[in-house]
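Q: Structure incoming, see below.
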Amino acid sequence: MNDFVRINDVGPRDGLQNQARILTPQQRLQLIHALVDAGVPSIEVGSFVSPKAVPAMAGAAEIVTSLNKAGINKSAYLQSLVPNQRGYELAREAGSQAVLLVVCASETMNQKNVRMGIADGLAQARDIIHQAKSDAIDVMACIAVAWECPFEGKTDPKVVLNMAAQLSEFGAHELVIADTIGAAMPNAVHSLMKELAAQQSGQALACHFHDTRALGLANVYAALEAGIRRFDASVGGLGGCPFAPGATGNIATEDVVMMLQQMGFQTGIDLARLMAVGQLAGEMTGTTTGGRAHQWRSLQLQKSRL
Ligand code: COA
Ligand code: ZN
């Protein structure tokens, strides 16, 4: 059994983009540094999007530059979301070493998110991936609303399989399969991830779940059973997409790490320190939950310190 599971904390981007309280780049940097100190190996640090569309993500260049200057990019895998060519260029200028592209598996959702249809989104992804290759920048490609769309209902798995095949062929380094609104059922997660794993030839596959229907951990388990060893999660369970009505927070990194550790997987993350980061995120935003098992974990922590 491959017992290392790589957690990518998307709190500083997915977690913060939709909060009522907007954090300064300095606060977001503090959060990212704290995540790295807790041993989180991979972090989505921000997005190069229009500050008019997502005001909470303004200052991404400052964040990337500062992290690189501090050498954080050597101890953790840092990536930034880019919605278009312009965002890619800004990310490259700031010194990003990895970018995340998002293509939605439904026409309506892709229009709402980046104002273009799926075919244009895929063509844009192809161009950016080719450009990134010559710039030596990694591209992670996310397929959003992979199980269900808030506007078009259930997603046909064939659409996702087809998009995944194209994005792999373009040369994406990793595919992130996202349940953007937290509507996927574990059996559907298992079957789609199994099919994707069989179809992929060497490309890394990751899953991204939201906890809207309290099925986040069940879905992580279903994906683990299908062989997936990479998961997005958000410290404190922060999250929500401004363009997808009904989406609540991501699965809390604390919950995922707790489950993985107790199942015997390695994550390299210090859970006690991670919980302190969740607390910090909560103080900063005034909204975080700290995950579903927060009380139980806090009790264990107190006992171990007695
Ligand atoms: N970064 C910063 N500004 C950008 C930008 C980028 N990546 N892309 C476009 N802009 C600016 C343009 O300069 C223009 O500014 P202006 O009004 O001051 O002239 C404005 O945004 C509109 O530009 P346009 O080329 O017409 O873009 P658009 O309207 O077709 O698309 C998006 C705008 C998609 C880039 C914008 O809606 C966006 O950033 N959305 C965020 C998507 C997102 O983060 N989703 C959640 C995660 S999946
Ligand atoms: Zn998300």
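The values are calculated or read from the model by the stated rules, or taken from the named source; none is laboratory data. Keep in mind that this is a model prediction, so the values were computed, not measured. Note that each Cβ is placed from the backbone with ideal geometry, even for glycine, and that neighbours are counted across all protein chains shown. Surface accessibility is based on the protein's heavy atoms, side chains included, excluding ligands, DNA and RNA. Shrake-Rupley method; radii C 1.70, N 1.55, O 1.52, S 1.80 Å.
Q: What about A276, is it under 19 Å from P12 (Cα atoms), modelled with pLDDT of 95 or more and of a type outside the set (S, T, Y)?
A: On the way: under 19 Å from P12 (Cα atoms): yes; modelled with pLDDT of 95 or more: yes; of a type outside the set (S, T, Y): yes.
Here the answer is yes, as A276 does meet what is asked.
Q: How many of the residues making up region 122-136 are more than 18 Å from Q79 (Cα to Cα) and open to solvent by 50 Å² or more (accessible area, probe 1.4 Å)?
A: Narrowing region 122-136 to residues more than 18 Å from Q79 (Cα to Cα): 122-124, 126-127.
Keeping just the survivors that are open to solvent by 50 Å² or more (accessible area, probe 1.4 Å) gives 126-127.
Residues flagged as more than 18 Å from Q79 (Cα to Cα) and open to solvent by 50 Å² or more (accessible area, probe 1.4 Å) within region 122-136 amount to 2.
Q: Another question about this same structure. State yes or no: is V40 open to solvent by less than 40 Å² (accessible area, probe 1.4 Å), within 16 Å of ligand 2 (Cβ to nearest atom) and among the β-branched types (V, I, T)?
A: Details: open to solvent by less than 40 Å² (accessible area, probe 1.4 Å): yes; within 16 Å of ligand 2 (Cβ to nearest atom): no; among the β-branched types (V, I, T): yes.
Considered against the rule, which asks whether it is open to solvent by less than 40 Å² (accessible area, probe 1.4 Å), within 16 Å of ligand 2 (Cβ to nearest atom) and among the β-branched types (V, I, T), V40 comes out as no.
Q: Of V103, V114, which residue is within 20 Å of V159 (Cβ to Cβ) and at pLDDT below 95?
A: Of V103, V114, the one residue that is within 20 Å of V159 (Cβ to Cβ) and at pLDDT below 95 is V114.
Q: Out of all the residues in region 253-268, is one or more within 16 Å of ligand 2 (Cβ to nearest atom), hydrophobic (A, V, I, L, M, F, W, C) and within 24 Å of E174 (Cβ to Cβ)? Lay out the reasoning, then the answer.
A: So the first thing to find is which residues in region 253-268 are within 16 Å of ligand 2 (Cβ to nearest atom), and the list is 253, 255-256.
Cutting the leftovers down to hydrophobic (A, V, I, L, M, F, W, C) gives us 256.
Checking the rest, the ones that are also within 24 Å of E174 (Cβ to Cβ) come to 256.
Yes: region 253-268 contains one or more residues that are within 16 Å of ligand 2 (Cβ to nearest atom), hydrophobic (A, V, I, L, M, F, W, C) and within 24 Å of E174 (Cβ to Cβ).
Q: Could I ask something else about it? So which of V139, V145, V160, V102 is in contact (Cβ under 8 Å) with a residue 24 or more places away in the chain, closer than 15 Å to H208 by Cβ and either more than 11 Å from ligand 1 (Cβ to nearest atom) or open to solvent by 60 Å² or more (accessible area, probe 1.4 Å) (or both)?
A: On the way: V139 fails: closer than 15 Å to H208 by Cβ; V145 fails: either more than 11 Å from ligand 1 (Cβ to nearest atom) or open to solvent by 60 Å² or more (accessible area, probe 1.4 Å) (or both); V102 fails: either more than 11 Å from ligand 1 (Cβ to nearest atom) or open to solvent by 60 Å² or more (accessible area, probe 1.4 Å) (or both).
Being in contact (Cβ under 8 Å) with a residue 24 or more places away in the chain, closer than 15 Å to H208 by Cβ and either more than 11 Å from ligand 1 (Cβ to nearest atom) or open to solvent by 60 Å² or more (accessible area, probe 1.4 Å) (or both) holds for just one of V139, V145, V160, V102, which is V160.
Q: Still on this structure, please answer the following. Hey, among the residues in region 16-52 that are within 12 Å of ligand 1 (Cβ to nearest atom) and in contact (Cβ under 8 Å) with a residue 60 or more places away in the chain, which one's nearest to the chain's Cα centre (by Cα)? Spell out how you get there, then give the answer.
A: Of the residues in region 16-52, the ones within 12 Å of ligand 1 (Cβ to nearest atom) are 16-18, 44, 46-52.
Going one step further and asking which of them are in contact (Cβ under 8 Å) with a residue 60 or more places away in the chain, we end up with 16-18, 44.
Details: L16: 12, Q17: 12, N18: 14, E44: 7 Å.
Restricting to residues being within 12 Å of ligand 1 (Cβ to nearest atom) and in contact (Cβ under 8 Å) with a residue 60 or more places away in the chain, the top hit is E44.
Q: Could you run through region 260-274 and say how many residues are buried (at least 17 other Cβ atoms within 10 Å of the Cβ), part of a helix (DSSP H, G or I) and touching a helix residue (DSSP H, G or I) at 6+ places or on another chain (Cβ under 6 Å)?
A: Final tally of qualifying residues: 2.
Q: Report, ordered by the first and then the second residue, all pairs with beta carbons closer than 8 Å, sequence separation of six or more or different chains, a first member in region 279-306 that is open to solvent by 60 Å² or more (accessible area, probe 1.4 Å), and a second member that is acidic (D, E).
A: Here the result reads R292/D211; R292/D255; H294/E254, each pair linking region 279-306 to a residue that is acidic (D, E).
Q: From the list V45, V64, V40, which residue is closer than 15 Å to L274 by Cβ and among the aliphatic types (A, V, I, L, M)?
A: Details: V45 fails: closer than 15 Å to L274 by Cβ; V64 fails: closer than 15 Å to L274 by Cβ.
Only one candidate passes the filter, namely V40.
Q: What are the residues in region 1-15 that are assigned to a loop (DSSP other than H, G, I, E, B) and within 10 Å of S234 (Cβ to Cβ), if any?
A: V10 - this is the single residue of region 1-15 that is assigned to a loop (DSSP other than H, G, I, E, B) and within 10 Å of S234 (Cβ to Cβ).
Q: Within 16 Å of ligand 1 (Cβ to nearest atom), aliphatic (A, V, I, L, M), touching a Leu at 6+ places or on another chain (Cβ under 8 Å) and at negative phi, is that true of A244?
A: Details: within 16 Å of ligand 1 (Cβ to nearest atom): yes; aliphatic (A, V, I, L, M): yes; touching a Leu at 6+ places or on another chain (Cβ under 8 Å): no; at negative phi: yes.
No; evaluated as a whole, the condition is false for this residue.
Q: Quick one: C207 ticks every box in (1) under 17 Å from I129 (Cβ atoms); (2) without any contact (Cβ under 8 Å) to a residue 40 or more places away in the chain; (3) within 16 Å of ligand 1 (Cβ to nearest atom) bar one, so which box is it?
A: Every condition holds for C207 apart from (1).
Q: Take T108 and decide whether it is open to solvent by 60 Å² or more (accessible area, probe 1.4 Å), in a helix (DSSP H, G or I) and either more than 12 Å from ligand 1 (Cβ to nearest atom) or closer than 19 Å to G15 by Cβ (or both).
A: Values: open to solvent by 60 Å² or more (accessible area, probe 1.4 Å): no; in a helix (DSSP H, G or I): yes; either more than 12 Å from ligand 1 (Cβ to nearest atom) or closer than 19 Å to G15 by Cβ (or both): yes.
Spelling it out, it is not the case that T108 is open to solvent by 60 Å² or more (accessible area, probe 1.4 Å), in a helix (DSSP H, G or I) and either more than 12 Å from ligand 1 (Cβ to nearest atom) or closer than 19 Å to G15 by Cβ (or both).
Q: One residue is enough: does region 17-31 have a residue meeting the conditions at pLDDT below 95, of a type outside the set (S, T, Y) and buried (at least 24 other Cβ atoms within 10 Å of the Cβ)?
A: Taking region 17-31 and keeping what is at pLDDT below 95, we get 17-21.
When the remaining residues are screened for being of a type outside the set (S, T, Y), the result is 17-21.
The next check asks that each one be buried (at least 24 other Cβ atoms within 10 Å of the Cβ); those that pass are 17.
Yes.
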